[in-house]
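Note sheet for the following structure.
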Amino acid sequence: MSKETNNSAVNDNEPKMQLHPCRVYKAVGFDDDDLDRYTIGIANAFSDIVPGHFHLRQVAEFVKKGVHLAGANAVEFGVIGCCDSVGNGTVGGHYILPSREIIADSIEIMAKAHRLDGIVLLGSCDKIVPGMLMGCLRANIPAIMVPGGPMLSGPAYGEKTKADSTTVAETYGKYQKGIAKWEEVLNLQKITQPTCGSCNFYGTANTMSCTAEALGLVLPGGGAIPAVYNERLRSAKKTGEKIVELVSKNIRPKDIVTKKAIQNAISYVMATGGSTNAVLHISAIGYEAGIDPTWTMQEFDRISGIIPHMAKINPASNDYDMEDFYRAGGVERVMEYLKDHINTDVMTVSGTTLGENIENTNYMYGPCNDNVIRHFENPFSTLGGVAIMRGNLAPDTGVAKPAAIAEEVRRFTGEAICFNSEEECSLALEQLKIKPGHVVVIRYEGPKGGPGMREMYRSMKLMNGQGLATSTALITDGRFSGTNNGCFVGHISPEAAEGGPIAFVQDGDKITIDVYKKEVTLHVSDEELAKRKAQWKYEPKVQSGYLARYAAQASSAATGGVLDWKNH
């Protein structure tokens, strides 16, 4: 391996002496022969704060074993990682999506500043996984993602065969209505998250970990292994060995993340009913690979009409969780069932093509459970898992999730009840002001308006707990958690802070959501909307600190919510 050297000399008559650029590594125990080996960075989002990252120190040790077995050096460094579950419904929630950009920055900076030859990314949760992938694309050195894996589930409760952390919020909604006891809420907090790992349902964290595998940036089978399974450690060790091979072959992230690979990732999300946040993150990941987010959104729309809903995992199912999905064959099984409808000639971090990976798959747990994953010809629904919505209320698109919307409310018309923040909506729910027939409008929660585009997770869960899931709807310029269900449309663009039509909705306005037609319609004339717009004023909520900088540069949700620094 050749390294960049400093060829300066005292004068032309003396021999030129080379000074190794990484000689400072000797201060941490490196020897002369170490400096001639590949140096692999391990970007570890471990912390004691986030359940999905609590075990990543151990995972990192197995990555290091693999790196050392392959004859290279492993150097570990830390990366921030916020927990959505802690931030949701609070001021902290404003920082969750903006943290994605900081994570991407840190990966790029460390990879470049320390002249790493390759990098392994360790993370599990919502914005950490896409942020890491964005950063490795910027650095464009050989890279592999190692997700931490999902936690196991809790015992049966209510309609769910396996309870999860969101069961607590739903039960709190029941408590508000007087149909659950406070003791139940307290007990569920202790038993619904029995192990470390990312959330046990198919939310954004697990959607993005699995999508990273579908994209080709995780070793085959590595996206959905539960956190506490020994396979997680073996996959980490294999990753350590494989990253050294990728460096020697010079296979880089931009060789893998192509338009064809993005199409595969979108197809996977559609087939599995992934989180609506995948639209935001895949657009942003593609952007870092030089792919126009507008093209990515068009592909989401196109592919949603081709790929049916083939996998049912909580929240689309009350019976099967991420562990069941993994045992049914996980990402590998879905990609096999999709193989005639995706691009199998794309390169992956295995050093082989997706088609070759499919041919070489070994399903350790035997035949597929077709209650969890079904073949393309026998799907759960012909509607794709995610729908790109348009209409006079969302001129630049919105996003819905048919997989989580009951059939009886896939067409819904109701009267608007408007809130200018998630907190206002939560208070109204506490006061039982939201009634059947309402279309809840939560605005000024977009990338600029929030700022930070918080998830409206808590409001949807409370509505569900209050029995309103099939008699109300919710639209927002904010986001949703992958575990939300009910009739909802998020990512409404342009957002309210940019003067989008959602800013001009008034209480009592009629709104129609039609998931089949992919339309969201405000039944107010253009003339009336123009009058309302003329009277509209907006003042940013935050005037200082990182959130103010983020709000000033954040692009629309329709283009991935990336920092559009070129136009500022």
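The values are calculated or read from the model by the stated rules, or taken from the named source; none is laboratory data. Since the model is a prediction, treat every value here as computed from it, not as a measurement. FYI the Cβ positions are ideal-geometry reconstructions off the backbone, even for glycines, and counts take in every protein chain you see. Heads up: the accessible areas ignore ligands, DNA and RNA and are worked out on the full protein's heavy atoms, side chains in. Shrake-Rupley method; radii C 1.70, N 1.55, O 1.52, S 1.80 Å.
Could you grab me the full set of residues in segment 93-124 that are open to solvent by 10 Å² or more (accessible area, probe 1.4 Å), more than 20 Å from the chain's Cα centre (by Cα) and of a type outside the set (Asp, Glu)? Once the filter is applied, which keeps residues that are open to solvent by 10 Å² or more (accessible area, probe 1.4 Å), more than 20 Å from the chain's Cα centre (by Cα) and of a type outside the set (Asp, Glu), segment 93-124 yields Ile109, Met110, Lys112, Ala113, His114, Arg115, Leu116. Considered as a group, the residues in segment 166-190 that are under 25 Å from the mean Cα position of the chain (by Cα) and touching a residue at least 24 places away in the same chain (Cβ under 8 Å) include one that is farthest from His53 (Cα to Cα), and that residue is Glu170.
Within segment 191-203, how many residues are surrounded by fewer than 24 Cβ atoms within 10 Å (Cβ to Cβ) and under 19 Å from the mean Cα position of the chain (by Cα)? Walk me through it before giving the result.
Step one: of segment 191-203, the residues surrounded by fewer than 24 Cβ atoms within 10 Å (Cβ to Cβ) are 191-196.
Imposing the further condition that a residue be under 19 Å from the mean Cα position of the chain (by Cα) reduces the set to 196.
Number satisfying all stated conditions: 1.
For segment 142-167, residues that are crowded, with 24+ Cβ neighbours inside 10 Å and either in a helix (DSSP H, G or I) or touching a helix residue (DSSP H, G or I) at 6+ places or on another chain (Cβ under 9 Å) (or both) total 14.
A search for C-beta distances below 9 Å between a residue of segment 57-82 that is touching a residue at least 40 places away in the same chain (Cβ under 8 Å) and more than 18 Å from Glu245 (Cβ to Cβ) and any residue that is open to solvent by 80 Å² or more (accessible area, probe 1.4 Å) and of a type in the set (Phe, Trp, Tyr), counting only pairs 6+ apart in sequence or on different chains, returns Cys82/Tyr95.
Restricting to segment 331-359, give me the number of residues that are more than 11 Å from Tyr268 (Cα to Cα) and touching a residue at least 60 places away in the same chain (Cβ under 8 Å). Adding up the residues that qualify gives 10.
Of all residues in segment 204-213, at least one satisfies being open to solvent by 10 Å² or more (accessible area, probe 1.4 Å) and either in contact with a strand residue (DSSP E or B) (Cβ under 9 Å, 6 or more places away or on another chain) or at pLDDT below 95 (or both). Kindly check whether there is at least one residue in segment 445-456 that is in contact (Cβ under 8 Å) with a residue 12 or more places away in the chain, within 23 Å of Val279 (Cα to Cα) and open to solvent by 20 Å² or more (accessible area, probe 1.4 Å). Yes, segment 445-456 contains a residue that is in contact (Cβ under 8 Å) with a residue 12 or more places away in the chain, within 23 Å of Val279 (Cα to Cα) and open to solvent by 20 Å² or more (accessible area, probe 1.4 Å).
From the list Glu415, Glu408, Glu430, Glu498, pick out the single residue that is in contact with a Leu (Cβ under 9 Å, 6 or more places away or on another chain) and open to solvent by 10 Å² or more (accessible area, probe 1.4 Å). Show your work before the answer.
Working: Glu415 fails: in contact with a Leu (Cβ under 9 Å, 6 or more places away or on another chain); Glu408 fails: in contact with a Leu (Cβ under 9 Å, 6 or more places away or on another chain); Glu498 fails: in contact with a Leu (Cβ under 9 Å, 6 or more places away or on another chain).
Being in contact with a Leu (Cβ under 9 Å, 6 or more places away or on another chain) and open to solvent by 10 Å² or more (accessible area, probe 1.4 Å) holds for just one of Glu415, Glu408, Glu430, Glu498, which is Glu430.
Cβ-Cβ distances below 8 Å connect the following pairs, each with a first residue in segment 24-36 that is within 16 Å of Glu76 (Cβ to Cβ), a second residue that is of a type in the set (Phe, Trp, Tyr) and not in a loop (DSSP other than H, G, I, E, B), and a separation of six or more residues or different chains: Asp34/Tyr25. Just checking, does segment 467-480 include any residue being of a type outside the set (Val, Ile, Thr), open to solvent by 10 Å² or more (accessible area, probe 1.4 Å), on the phi > 0 side of the Ramachandran plot and touching a residue at least 60 places away in the same chain (Cβ under 8 Å)? Yes: one or more hits.
Tell me, please, whether a residue that is surrounded by fewer than 16 Cβ atoms within 10 Å (Cβ to Cβ) and either out of contact with any helix residue (DSSP H, G or I) (no Cβ under 7 Å at 6 or more places or on another chain) or of a type in the set (Asp, Glu) (or both) can be found in segment 437-444. Checked against the condition, which is being surrounded by fewer than 16 Cβ atoms within 10 Å (Cβ to Cβ) and either out of contact with any helix residue (DSSP H, G or I) (no Cβ under 7 Å at 6 or more places or on another chain) or of a type in the set (Asp, Glu) (or both), segment 437-444 yields at least one hit.
Where helices (runs of 4 or more DSSP H) fall entirely within segment 305-393, those with at least 3 residues that are surrounded by fewer than 21 Cβ atoms within 10 Å (Cβ to Cβ) are at 354-359.
Let's see how each residue does on (1) more than 30 Å from Tyr546 (Cβ to Cβ); (2) in contact with a Lys or Arg (Cβ under 8 Å, 6 or more places away or on another chain); (3) of a type in the set (Val, Ile, Thr); (4) at pLDDT 80 or above:
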residue	(1), (2), (3), (4)
Asn11	yes, no, no, no
Asp34	yes, no, no, yes
Ala43	no, no, no, yes
Ile109	no, no, yes, yes
